[in-house]
Amino acid sequence: MTEKDIKVLLDFQHFDENDSLSKLIKAAHENDSEKEDTRFAVMTDDEVEMLAAAGVDSGRQQNKDRRSFIKSLGGLLVFLMVCTVCACKTDSETKYIDQTEIKTTTYTPADATELAYYTQRYYIDENGDKYLQERSEDYVYSSSERKTVKAGTKIAGLGKDIEGFEQYGFTQSGKTLNLYYRAKTITYRFFISETDTKPVITLVGKAGLPLTAPPTKSYTTSGKIARWRAKDDFSPLGKTYGKVNKDYYAAWFTPLGTKERPDAVGDIVFTDGTAVYYADVTSLNEEQKKHAIAVIVSTTYNRTTGNGTGFNEGKLIIGLGTLQVETYWYGWVESNLFKTSTSTNDGRLNHAIIKASGDSFNLFSWVDDYATNFYTATGIYLTGEFETGWFIPSYSEWLQARISLTPVKKAFDLIGNGINVEDDDFYTSTNTMGILNDKVSWYVRSSKNNLLNQSDDPKHKALAMREFK
């Protein structure tokens, strides 16, 4: 499993027998939003009672003070995992320390026999981006080692190198020296050509944190844009700061779109990452049509609440893919029917839950091989970041296309691939139990209704989704 930002895991029936689900919760527990989590709207009363019997409060009776029930369940699992290890330091230990307690003097004050390493703690926000607390007072235990250190030893060079971090200071508790490392400050310089000595722009940030690539249109009048490439290995500029300082230069090309990146509902995204706003053009040329990969449906989506356009709660830019499939949600064998609720708001989470179940589902196998299927259907390769990251949207994610129907529909009409977002039924990854005669059913986005019983001709169309940054 590669989904690290999963905040909810609804498959409480399989925790004991599926260790991968427990690990997913532990990884997701690093950061919990204090906002009310509405992703459990699909739970039935029977499921709530099952949770209550296990000692977990779903929060339905105390909405004012509610946090997501997974915080309670996840916390319980993590607590049990920790308690079964030992009473020593673990990787989950976080040290909250007043910065004034951290010494930045040059030498150790007393003899020590152990070094304990702590790194500044990263948090994950509700959109999946890393951030550091403003006061930077949280440090996560990394490791320790037995080592004899005499009083008066120089601190600099005493500890080990930790990639992406730099030593800040220390405290001493008895015979243990606690060494604290802050996230390293990274500098990126950007040049128009390799022969330039003065950068056109310099970006400074912390290792691992998101960055916004500098626009290249400011530096040319030819209509071309660039993909910034590292001078040392020609690697492309990532979405986050790396662990070492780097210089980048512009690799120019003629873009398919007029925007360097999508930033508005109704933007049509192309394989080179550029975009064009649907209302800025009267038609697309054949090359643009071939290379169109998505239509943006929201630029303010929030996976916790399921709100997007009109609420401005989140900062996720999400788009529906331009490749359509008509298939079954599940496998043809009835034993593969999925009997677990999934999230109303988070399609990436749903994909992880379904994959962790071990069953085979036609729709999700299709999206797993999205790049291959896209090439088979269009003859166009999806490379780089667009090769992966596709998922079947949840109900609320698909709903964004309905909320912004006019620009989304007109954008698809410009592409001319026959996708009818207004009138056709489309599967989502939201699955709910106990709605129709206790049978499994799936939400679909339709002009008529949005519930579909599993026995009612379950073969429908579907579109993939991904987020764009």
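The values are calculated or read from the model by the stated rules, or taken from the named source; none is laboratory data. In this text, all values refer to a predicted model and were calculated from it rather than measured experimentally. Note that each Cβ is placed from the backbone with ideal geometry, even for glycine, and that neighbours are counted across all protein chains shown. Each accessible area value is taken on the protein alone, full model and side chains, heavy atoms only, with ligands, DNA and RNA left out. Shrake-Rupley method; radii C 1.70, N 1.55, O 1.52, S 1.80 Å.
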Item to complete: Work out how much length Lys290 to Asp196 would gain on full extension: take 0.36 nm times their residue separation and subtract the Cα-Cα distance, in nm to one decimal.
Response: 30.2 nm
Fill in: Net charge of neighbours whose Cβ lies under 12 Å from the Cβ of Leu203, counting Lys and Arg as +1 and Asp and Glu as -1
+2
Worksheet entry | Heavy-atom accessible area per residue - the stretch 131-260, 1.4 Å, Å² | 54
Worksheet item: What full-extension length gain, to one decimal in nm, is calculated for Lys154 and Lys243 as 0.36 nm per residue of separation minus the Cα-Cα distance?
Response: 29.5 nm
Discussion item. Students often get this wrong, so check it: of Lys290/Lys469; Lys355/Lys459; Lys409/Lys469; Lys315/Lys339, which have C-alpha atoms separated by over 29 Å?
Written reply: Lys315/Lys339
Worksheet item: Taking Cα pairs under 8 Å and at least six residues apart, what relative contact order does the stretch 226-289 come out at, in percent?
Response: 24
Practice prompt. Find the percent of Cα-Cα distances in the stretch 111-156 that exceed 16 Å, and round it to a whole number.
Written response: 57
Worksheet entry | Neighbourhood net charge (15 Å Cβ-Cβ; Lys/Arg +1, Asp/Glu -1) for Lys184 | +4
Worksheet item: In the neighborhood of Glu145, defined by Cβ-to-Cβ distances under 9 Å, what is the net charge if each Lys or Arg adds +1 and each Asp or Glu adds -1?
Response: +2
Practice prompt. Would you please put 404-415, 200-211 in order of how densely packed they are, using the mean number of other Cβ atoms within 10 angstrom per residue and starting with the highest?
Written response: 404-415, 200-211
Worksheet entry | Net charge dipole size for the stretch 164-320 [Lys, Arg +1 and Asp, Glu -1 on Cβ; Debye, nearest 20] | 580
Discussion item. Per-residue counts of other Cβ atoms within 10 Å, averaged by peptide: what ranking do you get for 108-115, 267-274, highest first?
Written reply: 267-274, 108-115
Worksheet item: Any idea how far the Cα center of the stretch 382-429 sits from the one of the stretch 279-311, in Å?
Response: 8
Discussion item. Suppose the chain between Thr282 and Ala230 were pulled fully straight at 0.36 nm per residue; how much longer would it get relative to their current alpha carbon spacing?
Written reply: 15.0 nm
